[in-house]
1. Name the single residue, out of those in the range 220-240 being free of Cβ contacts under 8 Å to residues at least 12 places away in the same chain and farther than 22 Å from residue 259 by Cα, that is nearest to the ligand (Cβ to nearest atom).
2. Looking for something more than 16 Å from the ligand (Cβ to nearest atom), closer than 29 Å to residue 197 by Cβ, surrounded by fewer than 23 Cβ atoms within 10 Å (Cβ to Cβ) and in contact (Cβ under 8 Å) with a residue 24 or more places away in the chain - is there at least one such residue anywhere in the range 41-51?
3. Tally time: how many residues in the range 184-193 are buried (at least 19 other Cβ atoms within 10 Å of the Cβ) and more than 13 Å from residue 284 (Cα to Cα)?
4. Residues 81, 103: which one is farther than 20 Å from residue 141 by Cβ and within 13 Å of the ligand (Cβ to nearest atom)?
5. May I ask you to verify whether residue 107 is surrounded by fewer than 19 Cβ atoms within 10 Å (Cβ to Cβ), modelled with pLDDT of 95 or more and touching a helix residue (DSSP H, G or I) at 6+ places or on another chain (Cβ under 6 Å)?
6. In the range 60-78, what count of residues is obtained for those that are within 15 Å of the ligand (Cβ to nearest atom) and either at pLDDT below 95 or more than 16 Å from residue 13 (Cα to Cα) (or both)?
7. Just give me the residues in the range 58-105 being in contact (Cβ under 8 Å) with a residue 12 or more places away in the chain and on the phi > 0 side of the Ramachandran plot, in sequence order.
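The values are calculated or read from the model by the stated rules, or taken from the named source; none is laboratory data. Keep in mind that this is a model prediction, so the values were computed, not measured. Because the Cβ atoms are built from the backbone with ideal geometry, glycine has one as well, and the counts that use them run over all protein chains shown.
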Ligand code: PAF
C-alpha cells in the first residue's frame, strides 16, 4: 500500500477479520455505515462515503469487483482496478475501514447460494443483463452479513439497483437503512462512472448527449408532454445524432413500483436509459417531479 494512505484507515482483506471488526464496533455501540463499491473510486463514490459519515459513526467502504454480477463476455476482467488510490481516496472522504475481500473467500469452491429478487429484475437492465441483479443482491446480502451495518448508502445513478436492493432489504426483513444519494456529474453532465475511462475522445464527447437528452425530456414534461413514445423518440434521435453505437433502452417508470408506463402521470416519473458508445455501455436516469 502507498505511504500516503491516511494512517487512520484500516484495510481488511479477510472475511473473519471484518466480521470481528463489525462485532467489535457493534459492541462498542457504534453505528456502522457501509458503502458497497467495486472500486476505482470517483467523486460519485466519495459523495456516498461522505454521506455515510454523516449518517454513521464508522464507515466501512467495500471494494470488490463482484464476478457474479457480470455475464460471460462482459468486462469483469478488464474492469478498472486501483486499490492504492482507492484506499487513499476513501480515507480522505471519511472511510474508517476499507474491506477488500478475495474472490475465493467470497465465493469458495462449491458455492451454491444466491439471493434473487423477482420480476423487477427482468426488465430494463435485467432484460439486457439477465443474471446481473442476482449477482448484485447476492453480494450485497453477503456484504451486509459481514459488515453488519445500520445504514448503507447507494447511488441514484444505478436507480434500478437501488430499487432492487431496497426490495431485498424489505422482503428479507434486513435491519439496514438504505439511503440513495444523487448522481454526481462531470461539468458537461455525464454521470460519473468507473466505466467512463473506457471512452475514447469522440465517445466521451458524444456521451454528454445522455444528460442533454434527459434534461430535454424533463423540460418537455414540465411543458406538458405526456407521451413516452414521443419523448423517447426525440431522445433517441438526439443520442443517435451525437454518435451512440446502440441504444439498449429509454424507458419511463413509476418510481415507487418501477412499473414501465406509456403515458406520463404526475407527480413523479423516472426516465432511464442505457446506451453504448463503442464497446462502452453507460446508464443514466433523471427523476422528474411535476403537477
Ligand atoms: O454499484 C456497484 O458498484 C455494485 O453493483 C455493488 C453495489 C457494489 C455490488 O457489487
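1. It comes out as 240.
2. Yes, some residue in the range 41-51 is more than 16 Å from the ligand (Cβ to nearest atom), closer than 29 Å to residue 197 by Cβ, surrounded by fewer than 23 Cβ atoms within 10 Å (Cβ to Cβ) and in contact (Cβ under 8 Å) with a residue 24 or more places away in the chain.
3. Result for the range 184-193: 0.
4. On inspection, the qualifying residue turns out to be 81.
5. No: the conditions fail for residue 107.
6. 8
7. Matches in the range 58-105: 94 only.
One line per residue, one yes/no per condition, for (1) free of Cβ contacts under 8 Å to residues at least 40 places away in the same chain; (2) within 12 Å of the ligand (Cβ to nearest atom); (3) over 30 Å from residue 28 (Cβ atoms):
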site	(1), (2), (3)
108	yes, no, yes
126	yes, no, yes
130	no, no, yes
135	no, yes, yes
166	yes, no, no
179	no, no, no
198	no, no, yes
201	yes, no, yes
